[in-house]
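Down below is the structure, laid out as structure tokens.
Coordinate-derived values only; no laboratory data. Bear in mind the structure is a predicted one, so any value in this text is a computation, not a measurement. Cβ atoms come from the backbone with ideal geometry, glycine included; neighbour counts cover every protein chain shown.
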Amino acid sequence: MEQGSAVSKLAAARSRIREELGRVIVGQDEVIEQILIAIFTRSHCLLEGVPGLAKTLMVSSLARTLDLTFSRIQFTPDLMPADITGTEIIEENRSTGQRERRFLEGPLFSNIVLADEINRTPPKTQAALLEAMQERQVTVGRQRHTLPDPFFVLATQNPIEQEGTYPLPEAQQDRFMFKVFVKYPSFVDEFEIARRTTAGGTTEIRPVLTGAEIKALQETVREVPISDHCMRYAIMLVRQTRVGEPGTPDHIAETIGWGAGPRAVQFMILGGKARALLHGRNQVDTEDIRELAKPVLRHRLAVTFAAESDGITADDVVDRLIRETPSKEDELSRDARFQKIFAS
């Protein structure tokens, strides 16, 4: 697909998807954009927010705008790994009378999987998602079964502090491109939500993109050019989160236990490419990197106990790093502290 047509096609798709979602979802433009970026970069997304903010409705409605298979897994404390991956059963062949093994696919075998309240199930079942999310396959017994393509996991979770939740292991959180906070609506949005949901009538959502079109757009996203400066800018933001590394600010050692790895850089650059296309541009800008820094980094930084006690969050740390990191190429290259990072 040519770059110019890809820009117009993806920007138009964003507009049409937002229009269809607007029939049932009020506001949450930033959340929807970040989910779309995850989809167009062939990645997964974790949504966090208190109950009642329409996280599940948002994902299921988005699935309806895409002509893909969809399944929802409601995670519960008694859910077992085989309940989501599938299991082998013994079935009698009526024509021969012999018994044969047959694999019965679980709900993971869909293009879009909504992992609802993923932190309400024990780690053993949460871990069953790891191979599926990273390798896009599941292993049952001695057999490997390939998942459909495209394949996305869009997971929701309630805040960890609530009762009856199991914190996601760091290794599993790292599989998600973004951790997106779903916040309370504004007064105007909540007024519209109340008006719509307490009246009669049903709303139908029409598909906007097919699976083949999504796969073509995913390939186009990777072809979007990015300057060496934008790549250095993204790498600088990530490397500054690593305690004890050359050029790391002094406040990082006080606020962060450990920082983000190379996967954060990859997701920030890929996300920047998708965001540029969604906004009708054919090249990545430092603005794209800045806008995606928090959803990429917030679940990859371990805030120290002392900083957490002072009310400092991962987002606060990222905000400070953005303020302290020059976005202009000449300023970044001349700064003595960043020269240490370049040389490390």
Residues of the stretch 14-35 with backbone N under 17 Å of the label point set 7 Å from the Cα of THR203 along Cα→Cβ are 15-33
Run down the lysines and flag those whose C-alpha is under 21 Å from the C-alpha of LYS328, throwing out any fewer than 8 positions away in its chain.
-> LYS273, LYS294, LYS340
What helices does the chain hold that run 20 Å or longer along their axis, going by alpha-carbon atoms, with a Kyte-Doolittle average of 0.5 or more, using DSSP H for the helix calls?
-> 262-278
Net length gained if the chain between LYS124 and SER71 were fully extended (0.36 nm per residue, minus Cα distance) = 17.0 nm
What does the charge count near GLN28 come to, summing +1 for each Lys or Arg and -1 for each Asp or Glu among other residues with Cβ under 13 Å from its Cβ?
-> -3
At q = 0.07, 0.15 Å⁻¹, base-10 log of I(q)/I(0) for the chain (Debye sum, equal scatterers on each alpha carbon) | -0.33, -1.36
Output the relative contact order of the chain, whole-number percent, from Cα pairs under 8 angstrom with separation of 6+ residues.
-> 21
Take the alpha carbon gyration tensor of the stretch 147-226, find the square roots of its eigenvalues, order them as a ≥ b ≥ c, and report rounded if a/c is under 1.5; if not, report prolate when a/b exceeds b/c, else oblate.
-> oblate
Neighbours of ALA276 by Cβ distance under 15 Å: Lys/Arg at +1, Asp/Glu at -1, summed charge +1
SER61, SER333 arranged by Cβ crowding within 10 Å, fewest neighbours leading | SER333, SER61
Give the whole-number value, in cubic angstrom per residue, of the convex hull volume spanned by the C-alpha atoms of the stretch 211-344.
-> 112
For the chain, with a Gaussian network of springs between Cα atoms less than 10 Å apart, report the residue from ASN282, ASN93, ASN111 with the top mean-square fluctuation.
-> ASN93
Show me 84-92, 266-274, 183-191 ranked by packing, highest mean number of other Cβ atoms within 10 Å first.
-> 266-274, 84-92, 183-191
Over 22 Å between C-alpha atoms is what I'm after, so list which of LYS183/LYS215; LYS9/LYS55; LYS9/LYS215; LYS55/LYS183 land there.
-> LYS183/LYS215; LYS9/LYS55
Given a Förster distance of 56 angstrom, what is the FRET efficiency for SER333 paired with ARG196, based on the Cβ-Cβ distance and rounded to 0.05?
-> 0.60
List the lysines whose Cα lies under 19 Å from the Cα of LYS124, skipping any in the same chain that are fewer than 8 positions away.
-> none
Would you tally the net charge around ALA82, using a Cβ to Cβ cut-off of less than 13 Å, leaving ALA82 out, and scoring K and R as +1, D and E as -1?
-> -3
